[in-house]
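Please read the structure below before turning to the comments.
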Ligand SMILES: [Zn+2]
């Protein structure tokens, strides 16, 4: 069992990691196992994707198909609910308010939200608050959501110079978060979807292909995961590091091949 952290960089395309000057992401990849070819879900939109990430079922199962929250068609517990039911302490740091619905009420021990995902430095406060509060409160699980890369894609276009520069800015913030975590932490970093032109939501590879990266004790360093990874696989993977059984209704699977 490890303290476990899940860091989301909204709208981060895997091919942008290659282009950008992002030393923290690159050293994270070198220190763990990853794939630059993981799959999002349809529709490749933020709230449906996050509901699928935390509940390990596709939108056809949970029923949330837009960024306007509705109750799940057939509710099931997500990662934060399962962790809380097992007595774990949980935290969320984010700058996009619909994410308040990725867990049931009373499942979070601690949360920080500020409506800053539309500002260039809007991830800085999320990163600094996570870096300040995690060492004090030592949650067993924390979700850290950085929303500005997606905003820059919508404003300037995916893969534009401005989008790449925003990734470089967020990489510095990522470094601040990673430096604040304990040495034996298990960390998953991923995107929810990619994008093309100034949007996303389609089944195009540019929208559907995401980076998926893990660094944790016992996980191979510098290893490229060979099997197909979906964002449904995130919750079972995080549950494993927390020492929890995946919920029986979850459909994803942890990629076992990443372990030494
Ligand atoms: Zn998104």
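Bear in mind these aren't lab numbers, they're just calculated from the coordinates by the rules spelled out. What you see is a predicted model, and the numbers here were worked out from it, not measured in a lab. Here the Cβ is made from the backbone with ideal geometry for all residues, glycine too, and neighbour counts use every protein chain on show.
Observations, loosely collected:
- Peptide packing: for 45-51, 199-205, the average count of neighbouring Cβ atoms within 10 Å per residue gives the ranking 45-51, 199-205, highest mean first.
- Extending 7 Å from Cα along the Cβ direction at residue 97 and again at residue 154 yields two label points whose distance is 1.4 nm.
- DSSP-defined antiparallel bridges as percent of all bridges, the chain, nearest 5: 35 percent
- Scaled against 2.2 N^0.38 Å for its residue count N, the alpha carbon radius of gyration of the stretch 1-56 is 1.28.
- Pairs of alpha carbons in the stretch 39-79 whose separation is greater than 16 Å (percent): 18 percent
- Radius of gyration (Cα atoms) of the stretch 4-258, expressed as a multiple of 2.2 N^0.38 Å: 0.90.
- The slack between residue 128 and residue 220, meaning 0.36 nm per residue of separation minus the straight C-alpha distance, is 30.2 nm.
- A crude spin-label estimate for the pair residue 121 and residue 60, with each label 7 Å from Cα along the Cβ direction, gives 4.7 nm.
- Mean-position separation - Cα centroids, the stretch 39-115 and the stretch 199-243, in angstrom: 17 Å
- Ranked 69, 158, criterion: other C-beta atoms within 10 Å, fewest first: 69, 158
- When each of 97, 129 is scored by the number of other beta-carbon atoms lying within 10 Å, the sequence from fewest to most is 97, 129.
- Summed over qualifying helices (DSSP H, 4 residues or more, each -39500 (n - 2.57)) and divided by its residue number, the chain shows a 222 nm mean residue ellipticity of -10000 deg cm²/dmol.
- For the pair residue 251 and residue 86 in one chain, pulling the backbone fully straight at 0.36 nm per residue adds 57.4 nm over the alpha carbon distance.
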